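Asker: Sharing a structure here in structure tokens format.
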Amino acid sequence: CMDKSKSAVVAMLAILRAGGAVVPLGVQHPLARLEVIVQDTATPLLLVDRGHEKRLTGLAVHVPLLPVDAFFDDTSAASTGMPNLSNELCVSVRPQNVAWVIYTSGSTGKPKGVVLEHGSLATSILAHGPIFGLSSSTRTLQFAALTFDVSISDLVATLAYGGCIVVPSEDDRLSNLNHMMNTFRVTYANVTPTVARLLDPAQLPLLNTLVLIGEAVDAGVVDPWVKRARVINGYGPAEASIVFHCSPPIQRSETAGNVGKPIAGCGWVVDPNNIDRLLPLGAPGELLLEGPLLSRGYLNDPTKTAAAFISDPVFVQELGLCPSRRMYRTGDIVQQNADGSLTYLGRRDTQVKIRGQRVEIGEIESQILRLLPEVCETVVDVVLPAGETQEGALMLTAVIEYADAGPYPDGGELQPYEPSQITAAARTALERLDSELSQVLPAYMVPGAFLLVPRLPVNASNKLDRRAVRDQLRLLPRTVLNCFATSPAIKQAPTTEMERQLRSLWATLLAVPIESIGANDSFFRLGGDSVAAMKLSAKARAQQIPLSVADIF
């Protein structure tokens, strides 16, 4: 559990060299979530930096902590009696040994650990390295969080090809990204489309390869770059070792959604309701992945592993293929093009991505129902506010069935209670919920808005009608959704010119009425996120306001 630094890079390489498995923990994740992961992995030792050592002593699970950055401080190392290990380790590591365990959101309220083996990761790196043009002259931006599988490529693949890893400080990463990349002569970046929107081609003349991964890619992201750099669309869930498909360099923005062909393995497009049935070219279907890039499965969860990793669908026998073919159900809907490449269309289940982070809606809903026992039903969804087109504008929203929250809305069951009419008891419950969710979920999984409705709709089968809720949410503009963000009822007026300038910037970036923003409001509770904070910092500096992203957090 460490910030980005040379210490973190050395710590991960040391774990691998000693024959261990790397389990990255989110430095900003709540302790309750870290405790679940530590218990699940039976971690014998936590490698930390001194900046997080004190917080992690609060873990309910007792695990020894070792501050790795102390090794880079001779005085500290001497005072703590840390040994100087000069003898070369002789550890035999086999391809089937575990290298990394990456935790993703789980549908049952508990994160699930994807077990990645040395063999699958090595195969992935050998396959995608040449395609991405990695070499001894590569200078890689290490932007991805260490809990995100893309960081494995940033670190291990770059070093495997003799390149240089550029590790930005947290302040530079969030507040000064373009300047930092240019200063340190970054030539290669592997980022989400949301982050790519923050990059300015005019400021980055040395960036020659931009890999877009983790989210659907649209023309608006690609257009500024197609004539300036090699832009590649990469696709691959953590269960398939970072990258499974990738496109050739994109020449025309209208092909931005094409994720190309497999780099080491096979893809199959099947009927989502009957995975034994293959679909023809052009038909939308669920993507199955097969080959040496597949992970071992989910740690300590044979039931989920068996459901996601299947063997020998009926079409294997029908096509006369060799048996014992293991495949992973991605849950992604794609269509195969005439040249064999795939176009990504969306998801078939309740898993979504928010700025590249995988989120199981079920995990959030499970926590809401646990923390609000008086509620029997809730729907969480990612909403693109009406009138907006950029994926970076997505807003995580919870709709909660709360029968006694106030006067019955005129618009019917799916019409949310007006914020001004919500009872004091219901408002207090929401504020408590918002606070307690922050203690058990990462910040990106806490809804930005909570809508209360008298009753959630059901379909003809008396099942919760999620589509009806989604359709209703899509009609709401951001100005309406932001009215349901948890924020102080009494607004403090700005008292200085700088506060007034910042309030104006908040209003513009978050699309909220300026009069609804008080000096005591939280940027994030009004709908902001880390990407919006990066934009705010840049706009503030343009107005000579010394505001870093760290200040906003």
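The values are calculated or read from the model by the stated rules, or taken from the named source; none is laboratory data. In this text, all values refer to a predicted model and were calculated from it rather than measured experimentally. Positions of Cβ are backbone-derived with ideal geometry, glycine not excepted, and every protein chain shown enters the neighbour counts.
Asker: Identify, from the list 92, 76, the residue that is of a type in the set (S, T, N, Q), modelled with pLDDT under 95 and either in a loop (DSSP other than H, G, I, E, B) or in contact with a Leu (Cβ under 6 Å, 6 or more places away or on another chain) (or both).
Answerer: Just a single option satisfies the conditions, and that option is 92.
Asker: Follow-up question, since we're still on this one. Can you find a residue in region 272-291 that is without any contact (Cβ under 8 Å) to a residue 24 or more places away in the chain, of a type in the set (Asp, Glu) and surrounded by fewer than 17 Cβ atoms within 10 Å (Cβ to Cβ)?
Answerer: Checked against the condition, which is being without any contact (Cβ under 8 Å) to a residue 24 or more places away in the chain, of a type in the set (Asp, Glu) and surrounded by fewer than 17 Cβ atoms within 10 Å (Cβ to Cβ), region 272-291 yields no hits at all.
Asker: Quick check: is even one residue across region 26-49 among the charged types (D, E, K, R), within 18 Å of residue 170 (Cβ to Cβ) and not assigned by TED's automatic domain parsing to the domain that holds residue 530?
Answerer: yes
Asker: Any idea how many residues of region 168-211 are over 23 Å from residue 536 (Cα atoms) and among the hydrophobic types (A, V, I, L, M, F, W, C)?
Answerer: Selection size over region 168-211: 6.
Asker: For region 148-167, state whether one or more residues are at pLDDT below 95 and among the polar types (S, T, N, Q).
Answerer: no
Asker: Also, I was wondering about something else. Identify the residue in region 171-201 that is in contact with a helix residue (DSSP H, G or I) (Cβ under 7 Å, 6 or more places away or on another chain) and among the charged types (D, E, K, R) and, among all such residues, is nearest to residue 236 (Cα to Cα).
Answerer: 197
Asker: For region 122-130, check the following and say yes or no: at least one residue is of a type outside the set (A, V, I, L, M), surrounded by fewer than 15 Cβ atoms within 10 Å (Cβ to Cβ) and at pLDDT 95 or above.
Answerer: Within region 122-130 (the criterion being of a type outside the set (A, V, I, L, M), surrounded by fewer than 15 Cβ atoms within 10 Å (Cβ to Cβ) and at pLDDT 95 or above), the answer is yes, since at least one residue qualifies.
Asker: Report the residue count in region 212-238 for those that are in contact (Cβ under 8 Å) with a residue 12 or more places away in the chain, under 23 Å from residue 179 (Cα atoms) and surrounded by fewer than 23 Cβ atoms within 10 Å (Cβ to Cβ).
Answerer: The number of residues fulfilling the criteria is 8.
Asker: Which members of region 320-338 meet the condition of being surrounded by 10 or more Cβ atoms within 10 Å (Cβ to Cβ) and over 22 Å from residue 305 (Cα atoms)?
Answerer: 321, 334, 335, 336, 337
Asker: Just need a number here: residues in region 242-259 that are in contact with a Gly (Cβ under 9 Å, 6 or more places away or on another chain) and surrounded by fewer than 21 Cβ atoms within 10 Å (Cβ to Cβ).
Answerer: Number of matching residues: 2.
Asker: Here is a follow-up. Can you tell me which residue in region 170-211 is surrounded by the fewest Cβ atoms within 10 Å (Cβ to Cβ), limited to those that are under 24 Å from residue 256 (Cα atoms) and polar (S, T, N, Q)?
Answerer: Step by step, filter region 170-211, then rank; the result is 203.
Asker: May I pose another question? Go through the residues of region 512-527 one by one and say whether even a single one is of a type in the set (A, V, I, L, M, F, W, C), assigned to a helix (DSSP H, G or I) and buried (at least 19 other Cβ atoms within 10 Å of the Cβ).
Answerer: So far as region 512-527 goes, no, none of its residues is of a type in the set (A, V, I, L, M, F, W, C), assigned to a helix (DSSP H, G or I) and buried (at least 19 other Cβ atoms within 10 Å of the Cβ).
Asker: From the residues in region 21-37 that are part of a helix (DSSP H, G or I) and hydrophobic (A, V, I, L, M, F, W, C), which one is surrounded by the most Cβ atoms within 10 Å (Cβ to Cβ)?
Answerer: Applying the filter and picking the extreme gives 34.
Asker: Turning to a different aspect of this structure: Hey, does region 181-199 have a residue that's in a loop (DSSP other than H, G, I, E, B) and small (Gly, Ala, Ser)?
Answerer: No.
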